[in-house]
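Engineer: Encoded as C-alpha cells, here's the structure I'll be asking about.
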Amino acid sequence: MADYNIAVFAGDGIGIEVMASALTVLEALEARFGVSIAKQSWDGGAAYYRETGRDLPDGAFKAARDADAILFGAMGLPDVRLPDGTEVAPHLDMRREFRLFAGVRPARKYPNTPPLLADPRAEAVDLIVLRESTEGLFASRGRGTVEGGRVARDTMEITREASQDLFDFAFNLARRRADKGRGQRKVTCVDKSNVFVSMAFFRSIFDERAAAHADVTAGHAYVDAAALDLVRKPWTADVLVMENMFGDILSDLCGGLVGGMGMAPCAEIGLERALFQPAHGSAPDIAGKGIANPTAMLVSTAMMLDWLGEKAGDRRMVEAGDALDRAVWDAYASGTILPVELGGESTNADVTRAVLAALG
Ligand code: ATP
C-alpha cells in the first residue's frame, strides 16, 4: 500500500507537458525520501469534453474527493465552450464542492531571471497573494442578473465562516514561512473597506483574528494602494490576504512581476482537501512545442508535498517539499537555465533536468 494517494488531472495543452515534468520529479523525490505516492491519472478537460460531451469521466470527481490530494495541470481550450458559453473548468467545481477557500499564490523572484523592475530590491520579492476562493464576487458566478436589457447585477458575498478560516490560514501561513526563514511574519488585509459594507465586514473579521494571532504583524491596505505598492515596492509585501476578485487580479499582476505565468504556482486549500496546480492555463499558443515552463507546476508540487506532510505529521514529506522548493531555486541560481518564456532557450525538459540535478 502506498503512503499517499493522489488524483492526477493533467488536462489540456501544456497542462500535459508540465504534469509530465512534475511526475518525473516526484518519482525522484519518492526514492530519495523513502515515501510512496500512488498516482491515479484521470482524463478530463476541454479536449475530453469535445470528444465525449463531458468534462470529466465517471468516477473522477469522487476519486478527487477521496484522494489525499489533487494535482492538476491545466484545463480549458478557448474554442471549446460549455452550452452557457463558459470554458470547461472542473477545477472551479472542485474548489466550490470541496470548500477550497484558501488560494495560495506565491510570487518569488528567482536568481538569474530578467528583472522586471529597475530597483535592485525587487530581487528580494517573495510574497503570497492569498485569495479567498469560494465566495466574494465570484459567489455570483452563474447567478448574475440582467434586468430588461438595462441593468446587470452581480453580488459580492462575504461570510463570517469563510473569512475566519481564511484569516486563520493567513496568519498560520505567515508564521510557518517565518519559521522557515521566509517572509516577514506579516499579514496585510487588502480590501476596499472605505467604500463597501462587505469589505468593512471583511476587515472587521480580519482584526478579530489578528488579535488571536498577536505574534504575527497585521496590517491593512486598500486594494488600489496595494496595486500601486506591488509595482513600486513589492519587496515590502509578505502575505496579502484578500477577497476572491481582488485576488484574481493581483495574483496575475504578481505573476507578471516575477516573469510570467510559468513562474506562478498555486495551491487551493480547504480544511480537509487541497488541489495543487500552476496558476496558468493550457497555453494553446505554445502547446506541443516542448517549451512550456514547468517552474510553476514544480513549485505547486512542492506545496502539495508540504501540505500532505504537515497534515499527516510526516517529516519525510515536509522535507521532500522543502527539497523540491530549494532545488527549483538552486537550478536558477546555477545559471544554467532560462526558460523560453523568460527570453531564454531552456525547454521544459531542460528545466526539469536542471531541477533533478539540483536535487542531487
Ligand atoms: P486561462 O484563462 O485558462 O488561465 P489564459 O489564456 O488566460 O488561460 P494562459 O494559458 O495562462 O492564459 O496563457 C497566458 C500566456 O502565458 C500565453 O501567452 C502563454 O503562452 C503563456 N504561458 C502560460 N503558462 C506558461 C508556461 N508554463 N510556460 C510558458 N508560457 C506560459
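Every number here is computed from the coordinates shown, using simple stated rules; none is lab data. Owing to the predicted nature of the structure, the values given are computational and were not obtained by experimental measurement. Because the Cβ atoms are built from the backbone with ideal geometry, glycine has one as well, and the counts that use them run over all protein chains shown.
Engineer: Please state the shape class of region 56-109: rounded when a/c is under 1.5, otherwise prolate if a/b exceeds b/c and oblate if not, all from the C-alpha gyration tensor.
Structural biologist: On the way: a/c = 1.91, a/b = 1.14, b/c = 1.68.
Oblate, because a/c is 1.5 or more while a/b does not exceed b/c.
Engineer: Skipping prolines and chain starts, which residues have an amide H placed within reach, meaning under 5 Å, of the one on GLY260, given they are 5 or more residues away or on another chain?
Structural biologist: none
Engineer: Calculate the length of the line joining the C-alpha centroid of region 1-76 to that of region 293-360, in whole Å.
Structural biologist: So the separation of the two Cα centres works out to 18 Å.
Engineer: Within region 131-168, report the trypsin sites (Lys or Arg not before Pro) that DSSP leaves as loop and that have at most 14 other Cβ atoms within 10 Å.
Structural biologist: Within region 131-168, the qualifying trypsin sites (Lys or Arg not before Pro) (loop, at most 14 other Cβ atoms within 10 Å) are ARG141, ARG143, ARG150.
Engineer: In addition: Among the GluC sites (Glu not before Pro) in region 190-278, which ones are in a DSSP loop with at most 15 other Cβ atoms within 10 Å of the Cβ? Mind listing them?
Structural biologist: GLU272
Engineer: Restricting attention to region 270-360, which trypsin sites (Lys or Arg not before Pro) occupy a DSSP loop and are surrounded by at most 16 other Cβ atoms within 10 Å?
Structural biologist: Those that pass, being in a loop and sparsely packed, are LYS289.
Engineer: For region 1-132, just the Cα atoms, rotate onto the principal axes and tell me the three extents in Å, largest first.
Structural biologist: Per principal axis, max minus min of the Cα coordinates gives 51, 44, 28 Å.
Engineer: Another question, then. Among VAL80, VAL239, VAL197, rank each residue by its count of other Cβ atoms within 10 Å, from fewest to most, as a rough exposure measure.
Structural biologist: The order, fewest Cβ neighbours first, is VAL197, VAL80, VAL239.
Engineer: Taking Cα pairs under 8 Å and at least six residues apart, what relative contact order does the chain come out at, in percent?
Structural biologist: It comes to 21 percent, rounded to a whole number.
Engineer: With +1 on each Lys and Arg Cβ and -1 on each Asp and Glu Cβ, how big is the dipole of the chain about its Cα centre, in debye rounded to the nearest 20? Mind dumping the intermediate values first?
Structural biologist: Values: 39 positive and 51 negative charges, 112 e Å.
Computed about the Cα centre, the dipole is about 540 debye.
Engineer: Any chance you could get the radius of gyration and Dmax over the Cα atoms of the chain, in Å?
Structural biologist: For the chain, the Cα radius of gyration and maximum Cα-Cα distance read 19.8, 64 Å.
Engineer: Expressed in nm², what is the orientationally averaged projection area of the convex hull enclosing the Cα positions of region 115-258?
Structural biologist: Seen from a random direction, the Cα hull of region 115-258 projects 9.7 nm² on average.
Engineer: Which of the lysines could a cross-linker span from LYS109 if the Cα-Cα distance has to be under 20 Å and same-chain partners fewer than 8 positions apart are dropped?
Structural biologist: List returned: LYS180, LYS186, LYS233.
Engineer: Let me ask something else. Mind listing the phi-derived Karplus ³J(HN,Hα) values for region 137-152, rounded to whole Hz, using 6.51, -1.76 and 1.60 with θ = phi - 60°, and x for any glycine or proline?
Structural biologist: Once rounded to whole Hz, the list reads 5, 5, 4, 7, 3, x, 10, x, 10, 10, 9, x, x, 10, 9, 10.
Engineer: Under DSSP H, which helices of the chain have Cα atoms covering 24 Å or more of the helix axis and a Kyte-Doolittle average no less than -1.0?
Structural biologist: Long hydrophobic helices here: 14-33, 160-179, 295-312, 315-333.
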